[in-house]
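Values quoted throughout were computed directly from the atomic coordinates according to the rules given, and no laboratory measurement underlies them. Computed from a prediction, not measured in an experiment: that's the story for all the values here. With ideal geometry, Cβ positions are generated from the backbone for all residues, glycine too; neighbour counts draw on all protein chains shown.
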Amino acid sequence: MFGNLIYKIKRNTRVKDCLKILIALMYFPKLIVAYIASKFYLHNKKNLWLISEMGIDAKDNGRDFFEFLRFQHPEIETAFILEKNSMEFASLNKIGHIIEPNSFEHFMAIFRSQYLISTHDHYVLPMKWVNWREFKLLYGWVVPNLKFVFLQHGVMQWDAKKNSNYKRTKFDYFITSTKSEYREISGYGYPKGNVIETGLPRFDKLDKSSSDAPTKRVILFSPTWRQYLANVSKSEFLESNYFKTINNVLNDKNLVNILKKNNVDFYFMPPHHEIQKFLNEFSAGSYHIKLISIDKMSLKKVLMESSLMITDYSSISMDFAYMERPVIYFQFDQEEFSKGHYTYSLDYFTHQRDGFGPVVSNEEDLIDGLIKIIKNNFNMDSYYKNRVNKFFDLRDNKNAQRLFEILKGEKND
């Protein structure tokens with residue numbers, strides 16, 4: 001019941017935005033104290049590039065851009081927002097300054113920053129449940145030159161106008177990766193120059209040459225989450241069509257036989273924490289089928305090593321296709337998903353028309369698709385390879401550099 005209430009609030013844009021304004025107002029005293037304290041900070045310069053992802057990890061575009069700046073442009077003062085108990089803390093702390101999320105240093109850093117650069121629009125801020133829009137509306141007068149750069153955490157696939165229009169986000173820069181994505185986002189009411197096509201920083205490590213890199217005989221099954229399951233109880237989750245369908249696949253006898261016959265491993269690795277918390281509720285029908293925690297194994301590493309990806313709607317299929325490796329979209333709940341999650345922007349992208357692999361809706365067709373790809377030695381069909389080459393117009397390993405030049409160029413103006 002509580003989960004349903006949270007879900008309804010999240011889906012009601014007006015209620016959600018009003019609540020965030022009220023929460024943001026509660027931080028006023030602490031923000032003012034931090035602003036005053038920042039004036040006496042030893043390194044009080046207005047040129048910090050503050051970077052983040054979700055505060056609990058560093059696996060995405062934020063980390064890759066942070067590493068790019070530290071190694072290629074150490075003259076830029078940077079800091080990364082990350083918890084000390086994060087798996088990536090030790091490695092990232094060796095190359096640059098790390099700030100604990102929601103700490104007083106985090107509050108002060110806001111007033112020393114030129115840019116907030118993040119894959120999400122709230123974790124880079126030191127206030128829980130507050131997005132950039134609320135901060136800018138209430139406190140923009142304190143830091144009028146501070147700008148937010150939205151890195152995204154994947155290439156957009158859906159009609160995001162309701163939640164990602166300029167009126168709701170107030171993003172100063174919205175990073176896109178393709179001409180078609182750029183055109184789509186440009187129609188969301190952003191001022192000229194706010195939407196830019198640079199490509200995702202993490203794609204610099206997934207260039208076309210990666211398709212020729214050594215891979216393992218691994219099939220990666222990585223379905224995305226469902227908003228309507230994010231706050232449900234364990235018993236509700238176990239009764240969901242989502243859980244039952246996926247668990248049936250993981251125990252399918254035909255799949256088990258195919259994996260054994262072809263000496264192929266099958267990794268079930270849902271990328272979102274909302275589903276990962278239920279990972280141990282799934283079962284595996286063979287030692288070839290492994291349940292993988294994203295907190296114990298790098299998704300990027302698994303992507304690089306896998307030969308085939310099965311997903312439903314996850315945008316990480318874009319990463320996989322970018323390397324020209326085969327993808328199957330297992331969309332067993334299309335109607336339910338579109339009602340409770342996202343819908344297509346028909347002029348921009350649909351999996352059937354523009355996707356990089358076959359779209360199937362049942363286990364039988366899924367298994368048939370697997371067999372065909374295994375027999376083809378895990379090579380991407382030329383039909384889908386042509387779609388990849390048409391869709392991705394930036395494939396030169398210079399995505400982070402392009403973004404840097406835009407931000408640095410503005411700063412020098």
task: Distance from a point 7 Å along Cα→Cβ of Arg217 to each backbone N in the range 235-258: keep the residues under 18 Å and list them by number.
output: 254-258
query: Can you work out the FRET efficiency for the pair Lys39 and Asn280, with r the C-beta to C-beta distance and R0 = 45 Å, to the nearest 0.05?
result: 0.35
- request: Using +1 at the Cβ of each Lys and Arg and -1 at the Cβ of each Asp and Glu in the chain, identify which of Asn131, Phe89, Tyr242 lies farthest towards the dipole's positive end.
  value: Asn131
task: Round to the nearest 10 and give me the degree value, 0 to 90, for the angle of helix 28-38's Cα axis relative to the longest principal axis of the chain.
output: 70 degrees
message: If the only charges are +1 at each Lys and Arg Cβ and -1 at each Asp and Glu Cβ, what is the size of the charge dipole of the range 208-391 around the Cα centre, to the nearest 20 debye?
response: 680 debye
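If you take the beta carbon distance between Ala90 and Leu291 as r and set R0 to 22 Å, what does 1/(1 + (r/R0)^6) give as a FRET efficiency, to the nearest 0.05? Present the calculation step by step, with values, prior to reporting the outcome.
Values: r = 26 Å, r/R0 = 1.17.
E between Ala90 and Leu291, to the nearest 0.05, is 0.30.
Do you know the relative contact order of the chain, to the nearest whole percent, from alpha carbon pairs under 8 angstrom that are 6+ apart? The partial results should precede the final answer.
Working: 667 pairs, mean separation 62.6, N = 413.
For the chain, the relative contact order is 15 percent.
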- prompt: So which trypsin sites (Lys or Arg not before Pro) in the range 205-312 are both in a DSSP loop and have at most 10 other Cβ atoms within 10 Å of their Cβ?
  reply: Lys296
- line: Once both label points are put 7 Å beyond Cα along the C-beta direction, the Leu25-Asn362 separation in nm becomes 5.6 nm
- line: Rounded to the nearest 0.05, FRET efficiency between Asn241 and Ile371 (Cβ-Cβ, R0 25 Å) equals 0.50
task: With a 10 Å radius around each residue's Cβ, average the other Cβ atoms per peptide and rank 147-157, 278-288, 72-82, highest first.
output: 147-157, 72-82, 278-288
message: Treating only the Cβ of Lys, Arg, Asp and Glu as charged (+1, +1, -1, -1), what charge dipole size does the chain show about its Cα centre? Round to the nearest 20 debye.
response: 780 debye
Calculated Rg and Dmax of the chain using C-alpha coordinates, Å: 21.8, 68
- request: Among the aspartates and glutamates, select those whose C-alpha is under 17 Å from the C-alpha of Lys94, and discard any that sit fewer than 8 residues away in the same chain.
  value: Asp57, Asp64, Glu67, Glu75, Glu77, Glu83
task: Work out the charge dipole of the chain with +1 on the Cβ of Lys and Arg and -1 on the Cβ of Asp and Glu about the Cα centre, then indicate which of Phe268, Phe80, Ser180 is farthest towards its positive end.
output: Phe80
- request: Please say if the range 261-327 is rounded, prolate or oblate, where rounded means a/c under 1.5 for a ≥ b ≥ c the square roots of the C-alpha gyration tensor eigenvalues, and otherwise the choice is prolate for a/b larger than b/c and oblate otherwise?
  value: oblate
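By DSSP, what percent of the beta bridges with both residues in the chain are antiparallel, rounded to the nearest 5?
Rounded to the nearest five, the antiparallel share is 5 percent.
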query: Ranked highest first by average number of other Cβ atoms within 10 Å, how do 361-369, 393-401 line up?
result: 393-401, 361-369
query: How many nm is it between the label spots at Lys161 and Ser103, if each spot is 7 Å from the Cα in line with the beta carbon?
result: 4.4 nm
query: Relative contact order, percent, of the range 208-391 when contacts are C-alpha pairs under 8 Å separated by at least 6 residues?
result: 25 percent
query: Distance in nm between label sites at Asn263 and Gln227, each 7 Å beyond Cα in the beta-carbon direction?
result: 4.6 nm
field: Computed lengthening from Gln352 to Lys128, 0.36 nm per intervening residue step minus Cα-Cα distance
entry: 76.8 nm
task: Take the chain, connect every pair of alpha-carbon atoms lying under 10 Å apart with a spring to form a Gaussian network, then pick out the residue of Glu184, Glu239, Glu197 with the largest mean-square fluctuation.
output: Glu239
